[in-house]
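The numbers here are math on the coordinates, done by the rules we state, and not lab data. Model, not experiment: these values are computed from the prediction. Quick reminder, even Gly has a Cβ in these numbers, built from the backbone with ideal geometry, and neighbours come from all protein chains shown.
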Amino acid sequence: VDRILAFDFISIYGRNFGISNTSLHGENNFGFSEFASRRQVIQEALKLLALDGLLNIQQRNTGFNYSINEVGKAYCEKLTAEYAIDYRRMTKKTIMQYGYLDDTDLLKIVTNESKKSLRR
């Protein structure tokens, strides 16, 4: 969940993390306040996606591993709104830039950027 949360947040606020010239949710002073509340939203979404058969869940020593399956991929391809297209593009950039980091380091990056945002 932490990894998905961090990737989601970085993708939405790409400008703050140097992966885009703009952020999907626009430029505002309260973007980083969303971070904590998004955790619960993501946990609920994962449950619903699993119940709907759109993702696979595996239990590992380090926790649960969530992965999209073919049904989920087919569903995503049907989402053709501009926001969905931009979100997929930003998520790919996020994974390219930050995918090698572990969950702890990802969360540190979000926390550090949040601190910078508060100082502005």
Amide H neighbours of Asn56 at under 5 Å, excluding residues fewer than 5 places away on the same chain, with H built from the backbone geometry, are Ser67, Ile68, Asn69
Rank Tyr75, Ile95, Leu107 by how far each Cα sits towards the positive end of the charge dipole of segment 19-120 (+1 on Lys, Arg Cβ; -1 on Asp, Glu Cβ) and give me just the farthest. Leu107
So, by mean Cβ neighbours within 10 angstrom, what's the order for 47-54, 105-112, 61-68 with the highest one leading? 105-112, 47-54, 61-68
Got a sec to turn the phi values of segment 15-21 into Karplus ³J(HN,Hα) couplings, 6.51 cos²θ - 1.76 cosθ + 1.60 with θ = phi - 60°, whole Hz, x for Gly and Pro? 4, 5, 10, x, 10, 7, 7
Using the Karplus equation 6.51 cos²θ - 1.76 cosθ + 1.60 (θ = phi - 60°), what ³J(HN,Hα) coupling, rounded to whole Hz, does each residue of segment 77-85 give in order, writing x for Gly and Pro? 5, 7, 7, 10, 5, 4, 4, 4, 5
If you project the alpha carbons of segment 79-120 onto their three principal axes, what span does each projection cover, largest first, in Å? 36, 27, 12
Report, to two decimal places, the Cα Rg of segment 48-120 normalised by 2.2 N^0.38 Å (N = number of residues). 1.39
Put a dot 7 Å past each Cα toward the Cβ at Arg38 and Asn69; how far apart are the dots in nm? 2.7 nm
Can you tell me the dipole magnitude for the chain around its Cα centre, using point charges on the Cβ only (Lys, Arg +1; Asp, Glu -1), in Debye to the nearest 20? 320 debye
Relative contact order %, segment 53-120, counting alpha carbon pairs below 8 Å whose residues are six or more apart: 18 percent
What spacing in nm lies between the two simple spin-label points modelled at Asn21 and Arg60, each 7 Å away from Cα in the Cβ direction? 3.7 nm
